[in-house]
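The values are calculated or read from the model by the stated rules, or taken from the named source; none is laboratory data. Since we're looking at a predicted model, the values are computed, not measured. Virtual Cβ from ideal backbone geometry, glycine too; neighbours counted across all protein chains shown. With ligands, DNA and RNA removed, areas are computed over all heavy atoms of the protein, side chains included. Shrake-Rupley method; radii C 1.70, N 1.55, O 1.52, S 1.80 Å.
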Amino acid sequence: MTTSIRSRTHSWPKGHWNWPIKVTHKHGLRDGEMIHVGGQVDLDPVGNVLHQGNLAAQTKAVVGHIGKVLGELGADLADVVKLTAFYVNDGSGDEQAFLADIGRLLPAGARPVITAVPLPALAYAGMVVEIEAVAMRAADGKRIERTTVDVPGLAKLPEPFAHALRAGEMIYTSGLSADLASGSMHAPGDLIEQSRFVMERIGDALATFGADHQDAVKINIFYTGGGTFEDWQGAARVRAAFYEEPGPAATGIPVPRQADPDNRTRIEITAMRGLDGKRLPRTHVWPKDHWDWPIHLPYKHGLKCGSKIFIGGQVALTPKGEVIKPDDMVAQTRIAMEMIRRVLEGFGAGFDDVVKVLSCYEGKASAEVLHDNLSIRSACFTEPGPASTGVPFPALAYEGMVIEIDIYAIKH
């Protein structure tokens, strides 16, 4: 079933999987050429997990779900430009085989970027994979031309995935790490040096499209850490040095391990550059008395480029970087959503302009913990709401902080 509102179309295919609680979110949303598919999982229409613990079977079902949602929005899997795959890996899983399995389910000619995020558990017991997608298809129904690149010196991803891709004004990189083409890892176990190296390689990728780090509109970091300031502050300073103020919106989430034990970071970038090769104008928002990091960083809470709004992960912190309502999921979710409202307001936008939500929260395979924040997030939106992904992590960047919410909106 498709639902249209303003210039948007929302998708919920007939018989599609559902959450066990009522939400405003839809499985997919299209606004112009941009299509967002919320995290797809292997559930039935009443919220029961299917193929429990079977990664291959769930992956096949999930990619099929993405295809169905895209089909209702006038696109298909060949239009996918970016995938983010959250999957369960206790350290014994083969990430390359997992990515290859996804790749074999994509049609010939598709060459998107991908970020794989290994985790101890997902939202429901027995669920082992959740994949979200970004696709692009021109308003007249024609496919959008894209170009891809693999960065020299880095290990190639399994087919058909690329290190970086450009489609129209949009540039996406895969979640890149310090895996070398030689089969070794640059600076094994060194988060700070690997962060510098990966940012340099991202710069190389951007340069092939005539862009640079200042064209970044969003940076996402999945780094190895246990939820303390000491885990991330050194690498955060290294990454920040690649930007002049004002920088992009940013989200940084710790994971207990990467698939390769020598790897400590995975970084992905979304950038925008004009088709004429010129830098695109953008505006930034930092609401008065908004929360801040404990150290100075060049990132802004919100960035608008054209009609697209990117909001960095919003959290329950004070302007001095102190956690508000430690360990209280309900209170922190409400505070984070209020922070989002304030950033959107700075662009003359509101919750009805949101097209995609990513909620990273502290938790295990617990429906109760997901529903505690999902119900609050969902209540901020009117029907039909945006696409949504909700993923549990063992810890977030600060002790006592239990949720970080990442938002993408479009305001014409």
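Residues are listed down the side, and each one gets a yes or a no for (1) within 26 Å of residue 310 (Cα to Cα); (2) not in a helix (DSSP H, G or I):
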site: 99; (1), (2): no, no
site: 115; (1), (2): yes, yes
site: 118; (1), (2): yes, yes
site: 126; (1), (2): no, yes
site: 147; (1), (2): yes, yes
site: 151; (1), (2): yes, yes
Residues being touching a Phe, Trp or Tyr at 6+ places or on another chain (Cβ under 9 Å), open to solvent by less than 10 Å² (accessible area, probe 1.4 Å) and either small (Gly, Ala, Ser) or part of a loop (DSSP other than H, G, I, E, B) (or both) - total across the stretch 259-281: 1
Residue check, residue 97 hydrophobic (A, V, I, L, M, F, W, C) and either more than 22 Å from residue 123 (Cβ to Cβ) or open to solvent by 20 Å² or more (accessible area, probe 1.4 Å) (or both): yes
Count of residues meeting criterion [under 26 Å from residue 215 (Cα atoms), outside any loop (DSSP other than H, G, I, E, B) and either in contact with a strand residue (DSSP E or B) (Cβ under 9 Å, 6 or more places away or on another chain) or not charged (D, E, K, R) (or both)] in the stretch 157-203: 21
Cross-chain or 6+ apart pairs with Cβ under 7 Å, the stretch 206-218 first and within 12 Å of residue 166 (Cα to Cα), then at pLDDT 95 or above and assigned to a strand (DSSP E or B): 206/171; 206/271; 208/149; 209/166; 209/171; 211/171; 211/271
Residues being out of contact with any Phe, Trp or Tyr (no Cβ under 8 Å at 6 or more places or on another chain), in a loop (DSSP other than H, G, I, E, B) and either at pLDDT 95 or above or within 12 Å of residue 266 (Cβ to Cβ) (or both) - total across the stretch 218-243: 2
Condition met for residue 109 (farther than 15 Å from residue 66 by Cβ, open to solvent by 40 Å² or more (accessible area, probe 1.4 Å) and part of a loop (DSSP other than H, G, I, E, B)): yes
From the options 114, 102, 131, residue that is without any contact (Cβ under 8 Å) to a residue 60 or more places away in the chain and either touching a His at 6+ places or on another chain (Cβ under 6 Å) or closer than 19 Å to residue 69 by Cα (or both): 102
